[in-house]
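Student: Input: one structure, supplied below.
The values are calculated or read from the model by the stated rules, or taken from the named source; none is laboratory data. Everything numeric in this text was worked out from a predicted model, so none of it was measured. Virtual Cβ from ideal backbone geometry, glycine too; neighbours counted across all protein chains shown. Note: areas computed on protein heavy atoms with side chains; ligands, DNA, RNA excluded. Shrake-Rupley method; radii C 1.70, N 1.55, O 1.52, S 1.80 Å.
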Amino acid sequence: MTSSVFNFDEEIDRREVPALKSHPIVLGKDGIDLFPAGVADMDFRAPQVVRDAMAQRLEHGVFGYEAVSSDLLPAICNWFSGRHSWSIDPSYILRAPNVLNSLAVAASLFTDLGDGIIVQPPVFFDFYDIIAENHRKLVSNPLILRHGRYEMDFAGLQELAADPKNRILFLCNPHNPVGRVWTRQELQRVAQICRDNDVLVVSDEIHADMTFPSHNYTPFATLSDADALNTITCISPAKSFNIAACCSSFTIIADKTKRKAFQAENSRLTVNKNNAFASVAMQAAYKDGGPWIDAVLDYIQGNVSLVRERLAVLPQVDMIEPEGTFLLWLDFRKMGLEPDDLTSFLRGRAKLAVTRGTAFGEEGRGFARFNVACTRARLEAALDQFEKALKE
């Protein structure tokens, strides 16, 4: 099914609600005229099946305390079995408010104060905040950019994992912001290193479904039984179905001891309550959202192609070829600008509000993350302004 079945060209004013992407808290008070390409959500309406399910729940009219539907876990399991060949034991699934909450809980439960948590920058900036706010040590295993494609530094990871103070690897699979969909072979090398050195893999797989057809997302927990026991997987349909503001997430933990510890911590923090609208949104998305996500991926690939074509005649900027997500990692290093100057150019001249590369670590210097999950017409207009600014 193609994107023509759905109307992704519909222009929706995000400012009608306090959407972060278009809010002064993100754009700044002087940013009302900027093209908002920073926050990682989509400008498309959620699937009709999700909206219908939420409307039906709203019509019921009673919003007291509510148990989780008995149909939710089967919907999750069927989705991952059918699309990703991942057979999940429902008893391994724990609900959580969001993926970042689960990363933070894992950091506090399975490391001690001052212990190291390994990250692979340039990587999602909230990883840094979680590590700092839990008073753990940031341990950097930077990715290697080789011939326009990012690779893992396995030798560096081996050295860091050998330090017994480094207890966790925060893995981003698929990777935000560089757009890599790690291959099974790459993940197997990570798994071997981490198992051999007793390093727990906490895998953020929120972009699992946002992978392009020529690349296969591999759930880390499917590598082997031993790897499943050494993994905490954090997943949510929030990105895939554009329901971040009304959705929760789930954590998959095969190891019984770790799972019981997680359950106890969720109870202690009282984050184990059900949100009725989140539940019906998740259930509808995983039960009937397949055609929509196939279509939106098709549309996003069209947007990526548009950016690729437009940048082909602009030698100042390179696009790191994405294998998934709706986030492009753009290389501006040929312009020779310092980060503040690059931001000033993009905001002041190109009228683009992107996420500056240094937010993802020093390895992002000279780069920026650009969200293309918008209408093609808006993207075309933004690229027109960008090209004009470059030529001036």
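Student: Within the bounds of segment 262-269, is there any residue that is open to solvent by 10 Å² or more (accessible area, probe 1.4 Å), out of contact with any Phe, Trp or Tyr (no Cβ under 7 Å at 6 or more places or on another chain), aliphatic (A, V, I, L, M) and without any contact (Cβ under 8 Å) to a residue 24 or more places away in the chain?
Tutor: yes
Student: Hey, can you tell me all the residues within segment 149-192 that are farther than 22 Å from Ile232 by Cβ, acidic (Asp, Glu) and out of contact with any strand residue (DSSP E or B) (no Cβ under 6 Å at 6 or more places or on another chain)?
Tutor: Glu159
Student: Continuing with the same structure: Restricting to segment 42-65, give me the number of residues that are assigned to a loop (DSSP other than H, G, I, E, B), open to solvent by 30 Å² or more (accessible area, probe 1.4 Å) and within 16 Å of Cys247 (Cβ to Cβ). Let's see the steps before the verdict.
Tutor: Applying the first criterion (assigned to a loop (DSSP other than H, G, I, E, B)) to segment 42-65 yields 42-47, 61-65.
Still in the list and also open to solvent by 30 Å² or more (accessible area, probe 1.4 Å): 45, 61-65.
Restricting the remaining residues to those that are within 16 Å of Cys247 (Cβ to Cβ) gives 45.
Here the count works out to 1.
Student: Being within 17 Å of His175 (Cβ to Cβ) and either of a type in the set (S, T, N, Q) or assigned to a loop (DSSP other than H, G, I, E, B) (or both) is the filter here, so list the residues in segment 111-146 that pass it.
Tutor: Gln120, Pro121, Pro122, Val123, Phe124, Phe125, Ser140, Asn141, Pro142, Leu143
Residues are listed down the side, and each one gets a yes or a no for (1) over 30 Å from Met282 (Cα atoms); (2) crowded, with 21+ Cβ neighbours inside 10 Å; (3) not hydrophobic (A, V, I, L, M, F, W, C):
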position	(1), (2), (3)
Leu138	yes, no, no
Arg146	yes, no, yes
Gly156	yes, no, yes
Leu187	no, yes, no
Gln192	yes, no, yes
Asp209	no, yes, yes
Ser214	no, no, yes
Asn242	no, yes, yes
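Student: Looking only at segment 151-193, count how many residues are under 26 Å from Leu330 (Cα atoms) and either modelled with pLDDT under 95 or among the small types (Gly, Ala, Ser) (or both).
Tutor: 2
Student: Taking into account only those residues within segment 216-236 that are among the polar types (S, T, N, Q) and surrounded by fewer than 16 Cβ atoms within 10 Å (Cβ to Cβ), which is farthest from Gln192 (Cα to Cα)? Don't jump to the end; show me each part of the working.
Tutor: Going through segment 216-236, the residues among the polar types (S, T, N, Q) turn out to be 216, 218, 222, 224, 230-231, 233, 236.
After this cut, where a residue has to be surrounded by fewer than 16 Cβ atoms within 10 Å (Cβ to Cβ) as well, the list is 216, 224.
Working: Asn216: 20, Ser224: 10 Å.
That would be Asn216.
Student: Let me ask something additional. Of all residues in segment 82-123 being among the acidic types (Asp, Glu) and open to solvent by 10 Å² or more (accessible area, probe 1.4 Å), which is farthest from Leu157 (Cα to Cα)? Outline the logic, then answer.
Tutor: From segment 82-123, those among the acidic types (Asp, Glu) are 89, 112, 115; that's our starting set.
Filter again for open to solvent by 10 Å² or more (accessible area, probe 1.4 Å), leaving 89, 112.
Values: Asp89: 30, Asp112: 20 Å.
Within segment 82-123, the match that is farthest from Leu157 (Cα to Cα) is Asp89.
Student: Which pairs turn up if I take residues in segment 94-110 that are under 16 Å from Ala132 (Cβ atoms) and look for partners that are among the small types (Gly, Ala, Ser) with beta carbon separation below 6 Å, at least 6 apart in sequence or on another chain?
Tutor: The qualifying pairs do not exist here.
Yes or no, residue by residue, for (1) in a loop (DSSP other than H, G, I, E, B); (2) closer than 30 Å to Ala226 by Cβ; (3) of a type in the set (Ser, Thr, Tyr):
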{"residue": "Thr257", "(1), (2), (3)": "no, yes, yes"}
{"residue": "Asn266", "(1), (2), (3)": "no, yes, no"}
{"residue": "Asn272", "(1), (2), (3)": "yes, yes, no"}
{"residue": "Ala278", "(1), (2), (3)": "no, no, no"}
{"residue": "Ala285", "(1), (2), (3)": "no, no, no"}
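Student: Hey, Asp198 hits all of (1) open to solvent by 10 Å² or more (accessible area, probe 1.4 Å); (2) assigned to a helix (DSSP H, G or I) but one; which does it fall short on?
Tutor: (2)
Student: Count, please, the residues in segment 159-181 that happen to be assigned to a loop (DSSP other than H, G, I, E, B) and surrounded by fewer than 22 Cβ atoms within 10 Å (Cβ to Cβ). I'd like the intermediate steps shown before the answer.
Tutor: Going through segment 159-181, the residues assigned to a loop (DSSP other than H, G, I, E, B) turn out to be 162-165, 173-181.
Imposing the further condition that a residue be surrounded by fewer than 22 Cβ atoms within 10 Å (Cβ to Cβ) reduces the set to 162-165.
Number satisfying all stated conditions: 4.
Student: Return the pairs, sorted by first residue and then second, in which the second residue is surrounded by fewer than 16 Cβ atoms within 10 Å (Cβ to Cβ), the first residue lies in segment 26-38 and is without any contact (Cβ under 8 Å) to a residue 24 or more places away in the chain, the beta carbons are less than 9 Å apart, and the residues are 6+ apart or on different chains.
Tutor: Taking only residues 6 or more apart or on different chains, the pairs are Asp30/Pro24; Ile32/Arg15; Ile32/Pro24.
Student: What residue, of Ala67, Ala75, is of a type outside the set (Val, Ile, Thr), touching a residue at least 40 places away in the same chain (Cβ under 8 Å) and closer than 24 Å to Trp292 by Cβ?
Tutor: Unique residue meeting the criteria: Ala75.
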